[in-house]
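Notes follow once the structure below has been shown.
The values are calculated or read from the model by the stated rules, or taken from the named source; none is laboratory data. Predicted model, so just to flag it, every value in this text is computed and none were measured. Here the Cβ positions follow ideal geometry from the backbone for every residue, glycine too, while neighbour counts run over all protein chains shown.
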Amino acid sequence: MDEPAGPSAQPAADWRQALFVPSFKDYLRLLAAERMFLAVFSLSAVLTAVALTYVSSERYEARAALFYRPQEVTRFSGKEARAFGSPVPQGPFKVISQTVQEVMLSDSILRPVVSELNLAAVEPRPPAVWYVELYREIKDWLLDRLADGWSLLKYGRLFPADRVENAVDALRANVIVRNRDSYVFELIVRDTRPDRPAKIAQALANGVSEWLVGQETLPGRERARQLSTLIAAKERDISRLHEQVSELLKSQGTASLPLETERTTSGAHDLKLEEKRLAAEIADKQAVVATLGQRLTQALVSQGAPRGRGGFFNPDDGKKMASDRLFTEIQLRGAIAQDEVLKAEIDGMERQVAEFPRAQARLSELETALDASKRDLVELRADLQEAELRSSVPVAELRILSPAAAPVRPVSPIKIYHAGLALVVSLVLGVGMVIALTMLDLRALFSSKAPKGRGQPQVSQGA
């Protein structure tokens with residue numbers, strides 16, 4: 001190219017003309033001039049990417065299809081789920097789909113699979129050529145150092161590696177759950193060993209199905225256990241109330257308090273009538289005793305008088321009157337004693353009758369509590385039957401539609417993809433490097449290679 005003119009010969013107003021603005025053809029000529037560099041750079045990148053595919057671990061994939069089928073549940077009594085006092089809205093299918101996906105990737109499903117298949121164990125790698133072994137060792141060493149560095153940055157100290165936790169995280173990263181707004185879920189599992197993806201996918205599918213069954217039956221089992229405890233307590237309450245009723249009737253000396261009240265009231269009335277009759281009998285006998293006493297006194301007085309004045313007195317009559325009086329007094333004492341006994345019985349019956357209202361109120365209270373407890377027991381047993389029905393669901397809502405099959409070929413790395421990506425990236429980087437280095441004109445950094453004048457950059461004419 002021509003040498004630029006000196007600054008003294010160039011007017012100050014025409015400084016824009018000294019600027020070099022390359023056109024698209026200039027860029028194409030530049031890239032054509034550096035085609036060997038671009039070819040070597042791109043080829044080396046492609047070969048490197050392909051070589052890395054041979055030393056990196058192959059990954060195998062297994063797929064299992066799961067079918068979601070809603071269930072019809074029988075309920076003996078109507079119940080409604082509420083949240084914060086309002087009915088819970090029915091969730092759309094998208095919520096169910098997201099829930100299933102979150103469950104599949106949760107620790108409650110992944111951790112048992114890791115333990116069942118022993119995924120946390122360190123297994124020896126298959127033998128390989130020396131450069132593959134070297135690549136693997138360097139990669140593992142770099143990953144360990146990066147993990148330690150990140151632990152230092154986060155916590156300021158190192159923590160021992162938890163193999164189980166790392167295996168769970170690695171499994172979660174290699175599990176994909178897909179759903180296209182349908183009742184079919186596709187479970188995809190990837191692993192570096194060809195024999196493990198199918199086992200992992202099958203274990204995950206079984207684990208999710210069993211977990212759903214457990215979640216469906218767990219409320220029923222918990223409810224049944226709680227209801228069994230309540231039923232046992234309610235039965236004890238009923239037995240206690242029966243014992244209290246029996247003790248109350250036993251204390252009243254009857255099997256039926258109303259009948260005993262009627263019988264006691266009628267008996268007290270009869271005893272009062274008998275008392276009145278006995279009182280009249282006592283009064284009659286007292287009158288007879290008084291009359292016999294007066295006549296006996298008169299007979300004794302008339303016995304000492306002269307025969308002409310007081311008349312004749314027969315001694316046998318006096319003996320007879322004395323005997324009648326004595327017999328009447330004996331009957332009188334018996335009647336009085338019988339009257340006292342009747343009064344005592346009447347007082348006892350009256351006290352018993354006076355206690356009957358309180359006992360009847362207590363009996364009514366116990367019978368009311370007993371009836372309420374029996375009704376509660378019937379409802380609890382109905383709830384227990386429903387809870388046992390819920391806890392005996394035989395199938396899950398998520399079923400295995402097609403089990404996972406062992407893969408026959410790896411899914412990654414795909415060499416054509418890596419080669420194509422490396423080619424595109426290397427071409428972009430190569431073109432950028434050529435243009436950047438040409439525009440920077442690095443010869444200006446070295447005095448021996450610097451141009452003698454300033455102006456347009458020298459375009460390389462290399463082959």
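General remarks:
- Qualifying residue in region 390-402 (condition: modelled with pLDDT under 80 and not in a loop (DSSP other than H, G, I, E, B)): yes
- Among the residues of this structure, Val245 does not count as one that is surrounded by fewer than 18 Cβ atoms within 10 Å (Cβ to Cβ), among the β-branched types (Val, Ile, Thr) and either touching a Pro at 6+ places or on another chain (Cβ under 9 Å) or assigned to a loop (DSSP other than H, G, I, E, B) (or both).
- Qualifying position, being within 29 Å of Tyr54 (Cβ to Cβ), assigned to a helix (DSSP H, G or I), at pLDDT below 80 and not small (Gly, Ala, Ser), among Arg125, Arg136, Arg172: Arg136
- Inter-residue pairs, beta-carbon under 7 Å, first more than 25 Å from Gly348 (Cα to Cα) and in the same structural domain as Ile336 (by TED's automatic domain parsing) and in region 263-291, second charged (D, E, K, R) and assigned to a helix (DSSP H, G or I), 6+ apart: Val289/Arg325; Val289/Glu329
- Test: residue in region 328-343 that is farther than 19 Å from Ala279 by Cβ, part of a helix (DSSP H, G or I) and either touching a residue at least 12 places away in the same chain (Cβ under 8 Å) or among the basic types (Lys, Arg) (or both): no
- Condition met for Arg221 (closer than 30 Å to Val114 by Cβ and either modelled with pLDDT under 85 or surrounded by fewer than 16 Cβ atoms within 10 Å (Cβ to Cβ) (or both)): yes
- Residue within region 267-276 that is under 30 Å from Arg325 (Cα atoms) and loosely packed, with under 14 Cβ neighbours inside 10 Å present: yes
- Flag for Asp191 being of a type outside the set (A, V, I, L, M, F, W, C) and exposed (fewer than 15 other Cβ atoms within 10 Å of the Cβ): no
- Within region 281-313, considering residues that are surrounded by 11 or more Cβ atoms within 10 Å (Cβ to Cβ) and part of a loop (DSSP other than H, G, I, E, B), the one modelled with the highest pLDDT: Phe313
- Once region 440-461 is narrowed to residues that are modelled with pLDDT of 50 or more, of a type outside the set (D, E, K, R) and over 29 Å from Leu47 (Cβ atoms), the residue that is surrounded by the most Cβ atoms within 10 Å (Cβ to Cβ) is Pro451.
- Selection of first residues in region 140-156 that are at pLDDT 80 or above and of second residues that are exposed (fewer than 10 other Cβ atoms within 10 Å of the Cβ) and not acidic (Asp, Glu), restricted to Cβ pairs under 8 Å at least 6 apart or on distinct chains, gives the following pairs, ordered by first then second residue: Ser151/Arg157.
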